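S.K.: Once you've had a glance at the structure underneath, I'll fire off some questions.
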Amino acid sequence: MFRPSSEQINKAHDISQNDMPLPAGYRIAIFPLPVDLRMKASETKKFSSLAAAGFIDKTSEQAGREEKGQHFGLLCHVGTGAFKGDYGVGGNSPREGDVVVFNKYAGLRQEFPPGSGDIYHYCNDEDILSHYEKNILENDNG
């Protein structure tokens, strides 16, 4: 066991304040999608003049509550052991850049780097419930 020096502790503080931690093992990092403040498509058809004017139908307080319960996100990083067991058999495992649906009550929500406003959801690979076939990192040739 080592005892860290004050210099090492200061360096560790700098790292924890400025760098994003990478998920370890079978864990993943998801960037939850921000809540859309615009009107839903069904409402847009019904209230076309309001939609054309850019009407926002949620208060910032409502949006904040919805963001805490958001379960759609972008898979940002996959740990080295993620999707290796029976769950990932068949090539249907999500990849970095996929839009995923995840279990919103699992894992940890954390802001990285602190003060940035960027919230990441760290959870186990098994907390991915589904994903979309299109990947935002790939060129859309169609």
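S.K.: In the range 75-86, which residue that is in a loop (DSSP other than H, G, I, E, B) and either of a type in the set (F, W, Y) or modelled with pLDDT of 85 or more (or both) is surrounded by the most Cβ atoms within 10 Å (Cβ to Cβ)?
M.R.: First, the residues of the range 75-86 that are in a loop (DSSP other than H, G, I, E, B): 79-85.
Imposing the further condition that a residue be either of a type in the set (F, W, Y) or modelled with pLDDT of 85 or more (or both) reduces the set to 79-83.
Numbers: G79: 18, T80: 11, G81: 13, A82: 23, F83: 18.
Only one residue fits best here, namely A82.
S.K.: Also, I was wondering about something else. Hey, among the residues in the range 101-115 that are of a type in the set (F, W, Y) and touching a strand residue (DSSP E or B) at 6+ places or on another chain (Cβ under 8 Å), which one's surrounded by the fewest Cβ atoms within 10 Å (Cβ to Cβ)? Before the answer, list the steps.
M.R.: Here is the first cut: in the range 101-115, the residues of a type in the set (F, W, Y) are 102, 105, 112.
From what is left, the residues that are touching a strand residue (DSSP E or B) at 6+ places or on another chain (Cβ under 8 Å) are 102, 112.
On the way: F102: 24, F112: 17.
For the range 101-115, the residue satisfying everything is F112.
S.K.: Oh, and also: So, V89, is that one hydrophobic (A, V, I, L, M, F, W, C) and modelled with pLDDT under 85 or not?
M.R.: Details: hydrophobic (A, V, I, L, M, F, W, C): yes; modelled with pLDDT under 85: yes.
Criteria met by V89.
S.K.: Here is a follow-up. Which residue is modelled with the highest pLDDT, if the candidates are limited to the range 95-136 and must be within 28 Å of A12 (Cβ to Cβ), assigned to a strand (DSSP E or B) and among the aromatic types (F, W, Y)? Show your work before the answer.
M.R.: Of the residues in the range 95-136, the ones within 28 Å of A12 (Cβ to Cβ) are 96, 106-125.
Checking which are assigned to a strand (DSSP E or B) leaves us with 108-111, 119-124.
With among the aromatic types (F, W, Y) added as a condition, the list becomes 120, 122.
Details: Y120: 90, Y122: 93.
Within the range 95-136, the match that is modelled with the highest pLDDT is Y122.
S.K.: So K40 clears everything in (1) at pLDDT 90 or above; (2) over 16 Å from E126 (Cβ atoms) except one condition, right? Which one?
M.R.: Against the list (1) at pLDDT 90 or above; (2) over 16 Å from E126 (Cβ atoms), K40 comes up short only on (1).
The values are calculated or read from the model by the stated rules, or taken from the named source; none is laboratory data. This is a predicted model, so every value here is computed, not measured. Methodologically, a virtual Cβ is constructed for each residue, glycine included, from the backbone with ideal geometry; neighbour enumeration extends over all protein chains shown.
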